Protein chains: 2
Amino acid sequence: MSEEVIWLRPEHAAVGRPAERSRAEITAAAIGLADREGLDAVSMRKVAAELGTGAASLYRYVANRDDLLDLMADATAAEYELRPPSGDPLADLGVLGTRSLAIMRRHPWLPTLVLTRSTLGPGGADLLEHFLTVVDGLPLDATAKMEGFALLQGFIAMYAHHEAGAEGELMRRQTAYLAHVAGDGGHPRLAAVFAEAGDTGADRFPGLLRRVLTGLLGDIGA
Amino acid sequence: MSEEVIWLRPEHAAVGRPAERSRAEITAAAIGLADREGLDAVSMRKVAAELGTGAASLYRYVANRDDLLDLMADATAAEYELRPPSGDPLADLGVLGTRSLAIMRRHPWLPTLVLTRSTLGPGGADLLEHFLTVVDGLPLDATAKMEGFALLQGFIAMYAHHEAGAEGELMRRQTAYLAHVAGDGGHPRLAAVFAEAGDTGADRFPGLLRRVLTGLLGDIGA
DNA sequence: AGCCGATCGGGTACGGTGTTCGCAAACACC
DNA sequence: GGTGTTTGCGAACACCGTACCCGATCGGCT
C-alpha cells in the first residue's frame, strides 16, 4: 500500500465516495498544533480532534504518522519567496539561509524534522532546484552541490534548534553542569572559556553562515 | 527531585539498602540493545528485561528515559583515545573527526542523539576540553570556539546519519521521488545532477571534513 | 429512477509506551 | 535487635500508533 513516498501516491481515489478533507487541510491542522504545543503534541488523536473527527479517519489521507510529519516539513517550504539568482552566489545563498532561519524560527519543531528525517517533497524539490540554480556557475561537481545543500540546511537547522532551546530549562541545566565541571580544576580551557564569557547579544548567525558557506564553496568568491 | 542534570545528582544514597545495580550497568545494557535493535527498541521495559528486572526498577537509577539516553550518548565518549595536540590544529581536528565518525559508525543511533539533544556529560566535557586544547593557539574568541565544537560534532553526526540510512528503504524512496521530479521538466538542474550521477564509491568524508574545518577556522592554516 | 460497486468515516480494540504509587524486602547503624 | 532509610518491583494509569470492520455516502451505469 505505501511502498513509495506519499507524494507518489494519489491523494484521492477516482471512484467511490469522495473524501471530506484533504492532505493540505490535515497538514495545516498538524502544523498549527505543532506551532502551539510542540511536536510531541502532534498525535493522530489530537490532530484528528483538531478537525473534529476520529484518529482512524486520518489514515485515509496518510499511511502513518511519519507521512504526516513529512507533509508538515515539506509544507513549510512554501514560505520561501524564491527570487531568481543575482549572479553573486555567495550573496544569494546568504539570503536563502536567512529566509530558512526565519522559517525555522516560525516553526520551532522544524529543525528537529530537518535534522532527523530530511525528506524532500514538492516544496523541498523546488527549493533544491533553486539552490542548484544559484550555485550553477561554481566549479563544483554534482555530488558536491548536493552535499552543499544538505550541509547548509543541516547547519541552519542546528543553529535554529540551539537558539530555540536557549532559554529553556535543559540548556540552563547544561550550562550549570559545564560551569560545575569548569570549576573542578581538570578543565582549564573550559574554565577560560567561561571566564571570557562575553555573551553579548550580538547576532552570530551572519558570521557563522558566511564561514560555513566559504567552507562549502571551497573558499572561492570570498 | 531532578532539577539538575543527572551527573549532578548522587548515584547512590549514603544510607539505607544498597543498590544492586549501577548507572553504568544500565547504560551498557541500553547501548547493547540500541546497537542491536535500534534506538526505538530502548524502552524502559526492554532495557529492564535485558537486566532481568522490571521497568519500575530503572527509575531508582534514572529520572526518566531521556536521562538514560543522555547517559548512553555520553558513555560513547569513552571510546575516544585522546592524544595530546601535535601543534598542527588542522591535522589534530582531522583525526578527531575521523575518530568521531568511527564511533558513530559503531553506534548508528548516536547521530540522532547528538543532533537532537546534544547533552554533554563527563565524557563530553573531556572531549570539549580536548577540542579547546587543540584550537588553543588559533585566533578565535571563546564563542567561536564553542560554535566550532558544536558545528564539528553536528556535521559529523549528519554525515554518519546519512551514511547509516543510505542503504535503507527510506533513502530508496527519496531518490525514487527525486528522480521522478527530475523527469517532470520543471527541474532541469536537478535532472542535470541525476545525469552527472557518478556515485563512485570514493569516500567523500575527508574532503568534506577539510572543507568544514577550513570554514570553521576562518580559512587560516590551510 | 434505481441499483451497484467502491471508497470514506470513524468507533472499537490491541499491544505497546513512559511514568507513578505503594508496599515488602534489605541493609547500616545505634 | 530494633529502627530509619533506601531499594526492588508488580500493578495501574493515561496515552500512543495502528488494524479491523461495517455502516454511510457518493458517481456512474443500466
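The values are calculated or read from the model by the stated rules, or taken from the named source; none is laboratory data. Note that this is a predicted model, so its numbers are computed, not measured. Positions of Cβ are backbone-derived with ideal geometry, glycine not excepted, and every protein chain shown enters the neighbour counts. When the accessible area is computed, the model is the full protein with side chains, heavy atoms only, and any ligands, DNA or RNA have been set aside. Shrake-Rupley method; radii C 1.70, N 1.55, O 1.52, S 1.80 Å.
Miscellaneous remarks
- Note on region A:1-26: residues that are open to solvent by less than 30 Å² (accessible area, probe 1.4 Å) and more than 15 Å from DNA strand C (Cβ to nearest atom) amount to 1.
- Take the conditions (1) touching a residue at least 12 places away in the same chain (Cβ under 8 Å); (2) more than 13 Å from A:T27 (Cα to Cα); (3) in contact with an Asp or Glu (Cβ under 8 Å, 6 or more places away or on another chain); A:S86 misses just one of them, which is (1).
- Yes/no for B:Y177 being at pLDDT 95 or above and over 21 Å from the mean Cα position of the chain (by Cα): yes
- Odd one out for A:T200, checked against (1) hydroxyl-bearing (S, T, Y); (2) more than 7 Å from chain B (Cβ to nearest Cβ); (3) closer than 24 Å to B:H161 by Cα: (3)
- Conditions (1) more than 20 Å from B:F155 (Cα to Cα); (2) more than 11 Å from DNA strand C (Cβ to nearest atom); (3) open to solvent by 30 Å² or more (accessible area, probe 1.4 Å); (4) in contact with a Lys or Arg (Cβ under 9 Å, 6 or more places away or on another chain): number failed by B:E79: (1)
- Considered as a group, the residues in region A:113-124 that are modelled with pLDDT of 95 or more and in a loop (DSSP other than H, G, I, E, B) include one that is surrounded by the most Cβ atoms within 10 Å (Cβ to Cβ), and that residue is A:L120.
- Between A:A29, A:A48, A:A34, the distinction of being open to solvent by less than 20 Å² (accessible area, probe 1.4 Å) and away from DNA strand C (no atom under 16 Å from the Cβ) belongs to A:A34 only.
- Close contacts from region B:46-57, counting a first residue that is within 18 Å of B:D35 (Cβ to Cβ) and a second that is outside any helix (DSSP H, G or I) and within 8 Å of DNA strand D (Cβ to nearest atom), with Cβ to Cβ under 6 Å and a gap of 6+ residues or different chains, come to B:A48/B:G54.
- The numbered conditions (1) more than 9 Å from chain A (Cβ to nearest Cβ); (2) crowded, with 22+ Cβ neighbours inside 10 Å; (3) over 11 Å from the mean Cα position of the chain (by Cα) are all true for B:T98 except (2).
- Residues (at the interface with chain B (Cβ under 8 Å from one of its Cβ atoms) and over 20 Å from A:K145 (Cα atoms)) located in region A:203-216: A:R204
- Residue that is farthest from B:D70 (Cα to Cα) [pool: residues in region A:170-183 that are out of contact with any Asp or Glu (no Cβ under 6 Å at 6 or more places or on another chain) and within 9 Å of chain B (Cβ to nearest Cβ)]: A:A182
- Members of region B:125-143 that are open to solvent by less than 20 Å² (accessible area, probe 1.4 Å), in contact (Cβ under 8 Å) with a residue 12 or more places away in the chain and assigned to a helix (DSSP H, G or I): B:L127, B:L128, B:F131, B:L132, B:V134
- One residue stands out among those in region A:169-222 that are assigned to a loop (DSSP other than H, G, I, E, B) and in contact (Cβ under 8 Å) with a residue 24 or more places away in the chain: the one that is most open to solvent (accessible area, probe 1.4 Å), which is A:A222.
- Hits in region B:32-58 (condition: of a type in the set (S, T, N, Q) and near DNA strand D (Cβ under 8 Å from one of its atoms)): B:T53, B:S57
- Residue in region A:72-83 that is away from chain B (no Cβ under 14 Å), away from DNA strand D (no atom under 14 Å from the Cβ), without any contact (Cβ under 8 Å) to a residue 40 or more places away in the chain and among the hydroxyl-bearing types (S, T, Y) present: no
- Per the listing A:A157, A:A144, the residue uniquely in contact with a Lys or Arg (Cβ under 9 Å, 6 or more places away or on another chain) and within 9 Å of another protein chain (Cβ to nearest Cβ) is A:A144.
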